[in-house]
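Student: Take this structure first; my questions come after.
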Amino acid sequence: MGVGSVSGTPAPWVIVASGFHREGGMDKLNAALAQMQALDSVTMHETLTAGTGLPTDVTDYQEVAPDRLHWTEPGGIAAISVGTAFYVREGPNAAWTAQTGHDPVPEPSFAWQYFPKASAVHLLGSTSIDGVPTTVVEFFAGQPGTPVWFRFFIDAAHHVVLSDMLAPGHFMTQSFAHFNAPLTINLP
């Protein structure tokens, strides 16, 4: 049984194992990577910790192509990025402050894009995430000195609805929603 976070609350899920199969895993992974890369917009809820007993960071993101990002954390800390413009707010009642020297970031972007090509791809089985049937694919994406593992929960439309990333001192769960929804991100 794996434990993750969906919609901000711990949620256990049971993977109905079909065994550790390589057949079909790479095809399913490549279809999901292509589908996610083709998105015009997406929302993401992320939890990140360095380990048991350490603080957990929670961040919600809205991402809109080609270069718009809005993220918020509990307590009202937030940032908005549009092209080279970048604004930060340190709390819910604080003023937005412009920061300079930022390059535009192509959006939507995903954690797995910053690692080498996937290897050791395994099709693990199936499960449901928030009532959505998914196929579970696991793979290695690290390099010497930086081991990184991902586990994707992929829906029938090839969207990654949940991603777990495990690396030394880095335990991250990201849930994705609102695929190609009409999201608007404007500068403050």
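Student: Pick from the stretch 46-64 the residues that are in contact (Cβ under 8 Å) with a residue 24 or more places away in the chain and over 16 Å from the mean Cα position of the chain (by Cα): which of them is surrounded by the most Cβ atoms within 10 Å (Cβ to Cβ)?
Tutor: A50
Student: Filter the strands (runs of 3 or more DSSP E) completely within the stretch 90-163 down to those with at least 2 residues that are more than 29 Å from L187 (Cβ to Cβ).
Tutor: Ranges flagged: 119-129, 132-140, 149-154.
Student: Across the stretch 34-45, which residue is nearest to F179 (Cα to Cα) among those that are crowded, with 19+ Cβ neighbours inside 10 Å and aliphatic (A, V, I, L, M)?
Tutor: V42
Student: Filter the stretch 110-133 down to residues that are closer than 21 Å to P147 by Cα and of a type in the set (S, T, N, Q) and give me whichever is modelled with the lowest pLDDT.
Tutor: Only one residue fits best here, namely S119.
Student: Looking only at residues that are assigned to a strand (DSSP E or B) and not polar (S, T, N, Q) in the stretch 65-77, which one is surrounded by the fewest Cβ atoms within 10 Å (Cβ to Cβ)?
Tutor: Residue satisfying both the conditions and the ranking: W71.
Student: So, one more: With (1) touching a residue at least 12 places away in the same chain (Cβ under 8 Å); (2) within 30 Å of Y87 (Cβ to Cβ); (3) within 15 Å of the chain's Cα centre (by Cα) as the list, and H158 as the residue in question, which single condition is left unmet?
Tutor: Unmet for H158, out of (1) touching a residue at least 12 places away in the same chain (Cβ under 8 Å); (2) within 30 Å of Y87 (Cβ to Cβ); (3) within 15 Å of the chain's Cα centre (by Cα): (2).
Student: Another one. Condition test on V6, is it modelled with pLDDT of 95 or more, outside the structural domain of G101 (by TED's automatic domain parsing), surrounded by 16 or more Cβ atoms within 10 Å (Cβ to Cβ) and β-branched (V, I, T)?
Tutor: Spelling it out, it is not the case that V6 is modelled with pLDDT of 95 or more, outside the structural domain of G101 (by TED's automatic domain parsing), surrounded by 16 or more Cβ atoms within 10 Å (Cβ to Cβ) and β-branched (V, I, T).
Student: Scan the stretch 104-119 and give yes if some residue there is touching a helix residue (DSSP H, G or I) at 6+ places or on another chain (Cβ under 7 Å) and either within 15 Å of W71 (Cα to Cα) or not assigned by TED's automatic domain parsing to the domain that holds G25 (or both), otherwise no.
Tutor: Yes, the stretch 104-119 contains at least one residue that is touching a helix residue (DSSP H, G or I) at 6+ places or on another chain (Cβ under 7 Å) and either within 15 Å of W71 (Cα to Cα) or not assigned by TED's automatic domain parsing to the domain that holds G25 (or both).
Student: Tally up the residues in the stretch 75-109 that are without any contact (Cβ under 8 Å) to a residue 60 or more places away in the chain, over 30 Å from Q35 (Cβ atoms) and not small (G, A, S), please.
Tutor: Selection size over the stretch 75-109: 8.
Student: Right, another one. So is V82 among the aliphatic types (A, V, I, L, M), modelled with pLDDT of 95 or more and within 25 Å of L183 (Cβ to Cβ) or not?
Tutor: Answer is yes for this residue.
Student: I would also like to ask the following. Condition check: on the phi < 0 side of the Ramachandran plot and touching a Pro at 6+ places or on another chain (Cβ under 8 Å). Does L39 satisfy that?
Tutor: yes
The values are calculated or read from the model by the stated rules, or taken from the named source; none is laboratory data. Please read these numbers as outputs of a predicted model, since none were measured by experiment. Virtual Cβ from ideal backbone geometry, glycine too; neighbours counted across all protein chains shown.
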